[in-house]
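Novice: I'd like to ask some things about the structure below.
The values are calculated or read from the model by the stated rules, or taken from the named source; none is laboratory data. Remember, it's a predicted structure, so these values are computed and weren't measured experimentally. Please note: Cβ atoms are built from the backbone with ideal geometry, for glycine as well, and neighbour counts cover all protein chains shown. The area values use the complete protein model at the heavy-atom level, side chains included, leaving out ligands, DNA and RNA. Shrake-Rupley method; radii C 1.70, N 1.55, O 1.52, S 1.80 Å.
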Amino acid sequence: MFVMFDGISRRIVSLWFPRLSSDRVLRQCPIEGPFALTLKQNNANRIYCLNTEALRQGLERGMAYSDARAFCPDLQSALADPRQDHRFLHVLRRWATRYCPWVGLEGEDGLVLDITGSTHLFGGEEMLLADMRRRLARAGFAVQVGLAETRGAAWALAHYGEGVAKSHETLSAIGGLPIAALRLEEKDSIALQRLGLRRISDLAGTPRATVAQRFGPGVLLRLDQALGAQSEEISPLADPPHYGVRLTFPEPIGMTDDVMAGTARLLETLCDKLKAQQAGARVLCLTLDRVDHDSQQVELRLARPLRDARRILPLFERGIGEVEAGFGIERMRLEATQVEPLPVEQIGHISVAPKGQLEDLITKIGTRIGLDNIYRFQPANSHTPERSFIIASAAFSEPEAGWKHTAPRPVFLFSPEAIAGRGRTPPMRFRWRRMSFSTGRATGPERIAPEWWLENEGWHSGVRDYWRVETLQGRRLWMFYTPQNPSWFVQGEFA
């Protein structure tokens, strides 16, 4: 049996990268000798992927890392990153579209291509496969290739035979391959082998009713897919959306108002694309091409992902005002270079105050001094004053609820500053920062112990008795007393 596509026999290519993970790492940092990537599985560090030298040493995938080091003392290793491997497989998929538009993923380490009707562009099937192997070998990737009329047969050849099945000769090409080449479940494969059906030709010659009665329809489905009796489609992945728009003028422009008007038109189109994908722009880049073939860029980094053109447009005013138009601008291009998810929010019937003023203010200040230079204080889960807050980037963090303490905390907190005083109660008169103070009212004490289980270069032993002291001079100070080493300190000031 064979598959026809508009009168032409379908031709499917399967690419299998047996060492995708290690090849990806080694092409960036070449290492001589045996090398392995390890991954923690079932509370054990096991071999995830090997290079050729490690395979020659007798190491296998899935072996415990400690056993591998015992067999190969000079084994070099690194941690595996399956997510990076998956991303790189998508990069290879985009590369493979140079041979045909229909390219899909095949598991975690393979690709499948429908090259029907495109082989003549490369001089035939042999020239196309040779070009694939040459380019992948130059990039440092080991690959096994299978070509057949069906996806199942191509997969079988790539994993177990690495060859080409001629048109209408699928069974003869894959008949001698192991039964596991049909992409069966492991239990079905083992059961078939126990019955003496070790090769695909053995299964093809067995009465179908007997196989279906014992193993169900799954085994026969895989056989029919490999031989072409059952169709199996290839689902190519769609390219990621491109968030870029451009505008060409019939006559060059140079006025700031004209550039702002063009930017407004671009923003409306771009925001419609973002809304369709439920995304928001975080970084925008406006490129202005001048008549003299020079170009200038205006980058806008937003404090929050946005897709509201009316809110974004005023934020471009400062950057566009500094543009040198020269003899005129003939083309504009706006691109969202960094995009984040921005799902649609439910609008309630109760009117609320408009949101986003703080983010717009952060963005405006960020265009002058940089978003990375704007911070906010966030509460931390610690009762120790020095550890009760963290400093986070205002543009890349969300404001959290205020500090939750049984006793009030000062607005200004600084390193402890020693003052002269005796006794366990605040001194009636003391000097601090070259100023004299008199205690009018004192509230306390609040005893706080250090977090001894954490490494801390400062306070790590003893206790502190904190007092809220209101002075007659109007200053409200946060002071503490150390009983283990009798001393008084000022550490904060209330507003």
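Novice: How many residues, within region 417-432, are part of a loop (DSSP other than H, G, I, E, B) and over 17 Å from GLN484 (Cα atoms)?
Specialist: Counting residues in region 417-432 that are part of a loop (DSSP other than H, G, I, E, B) and over 17 Å from GLN484 (Cα atoms) gives 2.
Novice: If you don't mind, another one. Step by step: first the residues of region 189-230, then only those that are outside any helix (DSSP H, G or I) and among the polar types (S, T, N, Q), then the one that is least open to solvent (accessible area, probe 1.4 Å). Which residue is that?
Specialist: THR206
Conditions tested, residue by residue: (1) within 16 Å of ARG387 (Cβ to Cβ); (2) within 47 Å of the chain's Cα centre (by Cα); (3) surrounded by fewer than 18 Cβ atoms within 10 Å (Cβ to Cβ); (4) in contact (Cβ under 8 Å) with a residue 24 or more places away in the chain.
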site: ARG424; (1), (2), (3), (4): no, no, yes, yes
site: MET428; (1), (2), (3), (4): no, no, yes, no
site: ARG433; (1), (2), (3), (4): no, no, yes, no
site: THR439; (1), (2), (3), (4): no, no, no, yes
site: ARG447; (1), (2), (3), (4): no, yes, yes, no
site: SER461; (1), (2), (3), (4): yes, yes, yes, no
site: LEU472; (1), (2), (3), (4): no, no, yes, yes
site: PRO483; (1), (2), (3), (4): no, no, yes, yes
site: PHE489; (1), (2), (3), (4): no, no, no, yes
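Novice: Under 6 Å between Cβ atoms, which residue pairs at least 6 apart in sequence (or on different chains) link something in region 222-241 that is of a type in the set (Lys, Arg) with a partner that is open to solvent by less than 70 Å² (accessible area, probe 1.4 Å) and part of a loop (DSSP other than H, G, I, E, B)?
Specialist: ARG222/ARG183; ARG222/LEU184
Novice: Which residue is surrounded by the fewest Cβ atoms within 10 Å (Cβ to Cβ), if the candidates are limited to region 231-273 and must be closer than 30 Å to ALA148 by Cβ and among the hydrophobic types (A, V, I, L, M, F, W, C)? It would help to see each step written out before you state the result.
Specialist: Step one: of region 231-273, the residues closer than 30 Å to ALA148 by Cβ are 231-239.
From what is left, the residues that are among the hydrophobic types (A, V, I, L, M, F, W, C) are 234, 237-238.
Values: ILE234: 16, LEU237: 12, ALA238: 6.
Result: ALA238.
Novice: For region 272-311, how many residues are of a type in the set (Lys, Arg) and within 20 Å of the chain's Cα centre (by Cα)?
Specialist: 3
Novice: Separate question: Consider region 117-131. How many of its residues are in contact with a Lys or Arg (Cβ under 8 Å, 6 or more places away or on another chain) and closer than 14 Å to SER14 by Cβ?
Specialist: Filtering region 117-131 for residues in contact with a Lys or Arg (Cβ under 8 Å, 6 or more places away or on another chain) gives 119, 125.
Applying the additional criterion that residues be closer than 14 Å to SER14 by Cβ yields 125.
Count: 1.
Novice: What is the number of the single condition among (1) more than 37 Å from the chain's Cα centre (by Cα); (2) in a strand (DSSP E or B) that ILE390 does not meet?
Specialist: It is condition (1) that ILE390 fails.
Novice: In addition: Can you tell me which residue in region 68-88 is least open to solvent (accessible area, probe 1.4 Å), limited to those that are farther than 15 Å from LEU39 by Cβ and either in contact with a His (Cβ under 6 Å, 6 or more places away or on another chain) or in a helix (DSSP H, G or I) (or both)?
Specialist: Here the answer is PHE88.
Novice: Can you confirm whether ILE365 is closer than 22 Å to MET479 by Cβ and of a type in the set (A, V, I, L, M, F, W, C)?
Specialist: When the stated conditions are applied, ILE365 does not pass them.
Novice: Just one of (1) within 23 Å of the chain's Cα centre (by Cα); (2) open to solvent by 60 Å² or more (accessible area, probe 1.4 Å); (3) modelled with pLDDT of 90 or more; (4) farther than 22 Å from ALA137 by Cβ trips up GLN41, so point out which.
Specialist: (3)
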